[in-house]
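One structure is given below, encoded as structure tokens.
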Amino acid sequence: MATQADDQAGLARLAAARSAILGEIGKAIVGQADVVDQVLLCILARSHAILEGVPGLAKTLLVSSLARTMSAGFSRIQFTPDLMPSDITGTEVIQEDRSTGARERRFLPGPIFANLVLADEINRTPPKTQAALLEAMQERQVTIGAERHPLPDPFFVLATQNPLEQEGTYPLPEAQQDRFLFKILVDYPSWDDEMEVVRRTTSDAKSELKPVLDAAELIALQGVVRRVAAADHLVAYALRLVRATRPGAEAPAELRGKLAWGAGPRAAQGLVLAAKARAALAGRGSIAAEDITAIAAPVLRHRIQPSFEAAAEGLTAERIVANILRLVEAHPSSLTATG
């Protein structure tokens, strides 16, 4: 049973680990501190993330660098149209014992059996293969035939996708998108950052990243995050935000008719967990409203669908989330549950 002193020490360790991880990743990645922070929040919340951005923004390098700072087993899966589910999960083979001639089934684990799995260009493979990740992401196991194979702990899926090139892509099913805690938008670097990128990548300089956390320590810090306090009125605030994304009476009046569907219960869980991770990284033992507000967009942007009417008006999911944040903060009493 963890004591208050243990949790205080854990919060201090988290702050130190964050600083050290940012320092190590900074040897390989220029800028993108917000992106790194959001990925860390997902990992501390024991969840998964999608990184969306145009090619060349170092999404793959960021994930592999992060794995090196965490002494984590790393696996990269390049998603392509011909990728099969067994290419991800593994397969059973018949193996013969040369000394006895006896044959037996043997399971050969696929690349999903790693602590940190990079699903590169996840939207380039058909839904059948995308679905191979569903059980792994939710249950942290893989079922082959009648056998269940547990995945290593900790386990995270960080997926990348390109928002521009749509030919030959397969949009993720809503059920799979819901398994990702965050959808993180990776933007172009600033002028100064891009100058530094060009300098580094056109020289012979090399950087060696050092591990900051091991698997056991990371699991312990995830426990610290879970024990961060969340007052009932803040949990209710997170719930109001989520319920306001759904078509019907609980949507703000100016957004009614603009929502085809909204976020489910996983979104409310995600808001609270990510807020706890954010508070923990800041060294606080309880969450604040600003923690929920700060992570609302990455939690909600991939879980809501604007209606045809909203699309005709140019109202995107991003703008809908911004409007909900404004309206729920301004009129919280109008969005509370009744009965």
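The values are calculated or read from the model by the stated rules, or taken from the named source; none is laboratory data. All of these numbers come straight from a predicted model, not from anything done at the bench. When we count neighbours, we look across all protein chains shown, and the Cβ atoms used for this are built from the backbone with ideal geometry, even at glycine.
Below are the figures for this structure:
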| read-out | value |
| --- | --- |
| Residue ID - surrounded by the fewest Cβ atoms within 10 Å (Cβ to Cβ), chosen from residues in the stretch 254-279 that are in a helix (DSSP H, G or I) and basic (K, R) | R266 |
| Complete set of residues in the stretch 221-237 that are over 17 Å from E329 (Cα atoms) and assigned to a helix (DSSP H, G or I) | L221, Q222, G223, V224, V225, R226 |
| Test: residue in the stretch 98-105 that is in contact (Cβ under 8 Å) with a residue 12 or more places away in the chain and either under 29 Å from R148 (Cα atoms) or surrounded by 13 or more Cβ atoms within 10 Å (Cβ to Cβ) (or both) | yes |
| Any chance I219 is in contact with a Pro (Cβ under 7 Å, 6 or more places away or on another chain), among the β-branched types (V, I, T) and surrounded by 13 or more Cβ atoms within 10 Å (Cβ to Cβ) | yes |
| Qualifying helices (runs of 4 or more DSSP H) (wholly inside the stretch 75-185; at least 1 residues being in contact with a helix residue (DSSP H, G or I) (Cβ under 6 Å, 6 or more places away or on another chain) and modelled with pLDDT of 90 or more) | 85-89 |
| Count of the stretch 288-328 residues which are of a type outside the set (S, T, Y), part of a loop (DSSP other than H, G, I, E, B) and either at pLDDT below 90 or buried (at least 17 other Cβ atoms within 10 Å of the Cβ) (or both) | 7 |
| Tally of residues being among the hydroxyl-bearing types (S, T, Y) and touching a residue at least 60 places away in the same chain (Cβ under 8 Å) across the stretch 47-97 | 5 |
| Matching residues, the stretch 177-206, being exposed (fewer than 12 other Cβ atoms within 10 Å of the Cβ) and within 19 Å of S64 (Cα to Cα) | T201, A205, K206 |
